[in-house]
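Here the structure is laid out as structure tokens; the discussion comes afterwards.
The values are calculated or read from the model by the stated rules, or taken from the named source; none is laboratory data. Here the structure is a predicted model, which means the values were calculated and not measured. Every residue, glycine as well, gets a Cβ built from its backbone with ideal geometry; the counts of neighbours run over all protein chains shown. Protein only, heavy atoms only, side chains kept; ligands, DNA and RNA dropped before computing areas. Shrake-Rupley method; radii C 1.70, N 1.55, O 1.52, S 1.80 Å.
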Amino acid sequence: MAEDLSIQKGTKQEQYESLIPQIEALLYGETNLIANLANISAALKEQFNWWWVGFYWVEQDELVLGPFQGPVACTRIKKGRGVCGGSWEKGTTLIVADVEKFPGHIACSSASKSEIVVPVYHKGNIVGVLDVDSEHLAQFDETDKLYLEQIVGLIPNI
Ligand code: SME
């Protein structure tokens with residue numbers, strides 16, 4: 001496909017429904033993991049204009065910063081630490097409406113107010129997480145969970 005994203009206006013659901021086939025097309029035939037994680041981050045950032053969107057990838061007992069869009073971020077997060085490490089430890093998506101009320105939240109950026117972290121599974125194991133931060137409170141809900149879990153399920157060649 002052409003490397004141009006068609007940006008959809010409308011409800012969050014309509015935006016995801018338009019974006020997902022475009023992400024599938026971007027991933028189609030590409031086996032390089034870094035390239036694919038980079039394009040997923042860029043596509044989400046372009047459609048939703050979130051503050052920060054990107055991946056942390058599992059390396060031994062830590063998450064290490066991977067492809068992302070947004071301001072510079074902390075590079076290593078221990079299992080169980082912050083929202084990312086918590087999602088990894090619990091094995092589930094975490095939605096945080098107000099990061100200041102999340103014990104242990106890691107403030108990579110003081111502008112970040114709410115967050116969603118989605119684990120990436122491969123053959124039953126978590127291999128990384130998708131982290132999305134917003135500069136607005138309570139930006140993420142079950143709709144984001146549903147679609148972002150679908151999106152990380154599209155990643156080939158993990
Ligand atoms: N806030 C995250 C750390 C990653 S940055 O937001 C990019 C956390 O608490 O896990």
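Summary of values
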| read-out | value |
| --- | --- |
| Filter result (open to solvent by 20 Å² or more (accessible area, probe 1.4 Å), more than 10 Å from the ligand (Cβ to nearest atom) and either under 26 Å from Ile155 (Cα atoms) or among the acidic types (Asp, Glu) (or both)) within region 94-124 | Ile95, Asp98, Glu100, Tyr121, His122, Lys123, Gly124 |
| Selection within region 130-145 - touching a residue at least 60 places away in the same chain (Cβ under 8 Å), open to solvent by less than 30 Å² (accessible area, probe 1.4 Å) and not hydroxyl-bearing (Ser, Thr, Tyr) | Leu130, Asp131, Val132, Asp133, Asp144 |
| Subset of region 69-79 that is among the hydrophobic types (A, V, I, L, M, F, W, C) and within 8 Å of the ligand (Cβ to nearest atom) - its residue that is surrounded by the most Cβ atoms within 10 Å (Cβ to Cβ) | Ile77 |
| Filtered residue count, region 52-65, keeping only those that are in contact (Cβ under 8 Å) with a residue 12 or more places away in the chain and surrounded by fewer than 21 Cβ atoms within 10 Å (Cβ to Cβ) | 5 |
| Qualifying positions in region 80-93 - open to solvent by 30 Å² or more (accessible area, probe 1.4 Å) and either among the acidic types (Asp, Glu) or within 11 Å of the ligand (Cβ to nearest atom) (or both) | Gly80, Arg81, Glu89 |
| Per-region count, region 129-153, residues among the aliphatic types (A, V, I, L, M), more than 12 Å from Leu44 (Cα to Cα) and within 16 Å of the ligand (Cβ to nearest atom) | 3 |
| Check on Val127, crowded, with 20+ Cβ neighbours inside 10 Å and hydrophobic (A, V, I, L, M, F, W, C) | no |
| Per-region count, region 15-32, residues within 11 Å of Pro156 (Cα to Cα) and open to solvent by less than 40 Å² (accessible area, probe 1.4 Å) | 1 |
